[in-house]
Amino acid sequence: MMGHNIKAKELLEQLKFIDAGDLKEKEKLEKKLTKIINSPEADDILTVMKNSEIIVKAFGFVKNNGQHTFDSELLSTSPGGLIKLFTKYENTFSDKEYWENLKHVYIMQDYQQIPYELFKSLFNSEKNHRECLMDNDERLFFENLPEQIKIYRGGAKEEIKSGYGISWTLNKDVAQKFVDRKKHLAQDEMVILQLEISKSKVVAYFNDRNEEEIIYLGD
């Protein structure tokens, strides 16, 4: 398999020398590592994944001498809690880390409703290296877009009056999928919203989810 028992034994020995930080977390990790060491190896993929997660978490705990960090908590945070986790640690990031981590938690979040003003505040940061929001392929694609672009959003008709969300797409078919997905859940009438904007107003282009997503905060 992956030598989980050996790695767990090594980490357990290192944990013994940590006497600071979150000692309750240390105790939990020690118990979980001991369980891995004493359990027979199995081919069950879920067992492998679970053991891997515990080992990664224990490694992070040892590396940071028992202190919690963004990376150490990331593994155990549900998608709905990622934005909250980001805001907890945002002041510890370098400028590049800020944008890279913001993209990660934004892309990985579930569809839990996040206040628009919070997103607007995070994406409006004046930190340097905003280009780190996009990977190389996304940057190249974005650079080759025309100066004026049409963007679409599957949203509530009420947004025309109340204000739009930040997530748009270059693909009208993608917007239609969001209309179809939301119309059974939302109380408002769902429609395809359309704008023509200057490319200079765009914060970022994401395509991790094959949605040709445009982050647009408005004028």
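Assuming charge only on the beta carbon of Lys and Arg (+1) and of Asp and Glu (-1), the dipole of the chain about its Cα centre is about 500 debye to the nearest 20. The calculated P(r) of the stretch 20-141, using every Cα pair and 10 Å bins from 0, goes 11, 33, 31, 19, 6, 0 in percent. Within the straight-line cut-off of under 18 Å between alpha carbons, the aspartates and glutamates reachable from Lys84 are Asp71, Glu73, Glu97, Glu100, Asp110, Glu117, sequence neighbours fewer than 8 places apart in one chain being disregarded.
Ranked from highest to lowest mean number of other Cβ atoms within 10 Å per residue, what is the order of the peptides 5-13, 157-165, 96-104, 126-134? Mind dumping the intermediate values first?
Details: 5-13: 16.7, 157-165: 13.0, 96-104: 18.9, 126-134: 15.1.
Final packing ranking: 96-104, 5-13, 126-134, 157-165.
Scaling the Cα radius of gyration of the stretch 4-74 by the globular reference 2.2 N^0.38 Å produces a ratio of 1.06.
As a ratio to 2.2 N^0.38 Å, the alpha-carbon radius of gyration computed for the stretch 79-123 takes the value 1.06. Of the cross-linked pairs Lys96/Lys183; Lys88/Lys199; Lys177/Lys199; Lys120/Lys161; Lys50/Lys96, those separated by over 27 Å at the C-alpha level are Lys96/Lys183; Lys88/Lys199; Lys50/Lys96. Can you grab the distance from the C-alpha centre of the stretch 126-152 to the C-alpha centre of the stretch 51-95, Å, no decimals? First find each Cα centre; the distance between them is then 28 Å.
Within the listed set Asn64, Asn136, Asn144, the residue fluctuating most in the Gaussian network model of the chain (springs between alpha-carbon atoms under 10 angstrom) is Asn144. Modelled spin-label separation between Ser125 and Leu195, with each label point placed 7 Å from Cα along the Cα-to-Cβ direction: 2.2 nm. Remark on Ala204: its backbone amide H falls under 5 Å from those of Ile215, a criterion applied only to residues 5 or more positions apart or on other chains, H modelled at 1.01 Å from N.
With only Cα atoms counted, the stretch 144-216 has Rg and Dmax values of 12.1, 39 Å.
FYI, it's all coordinate maths here, none of it is from the lab. Since the structure is predicted, the reported quantities are computational estimates derived from the model, not experimental observations. Positions of Cβ are backbone-derived with ideal geometry, glycine not excepted, and every protein chain shown enters the neighbour counts.
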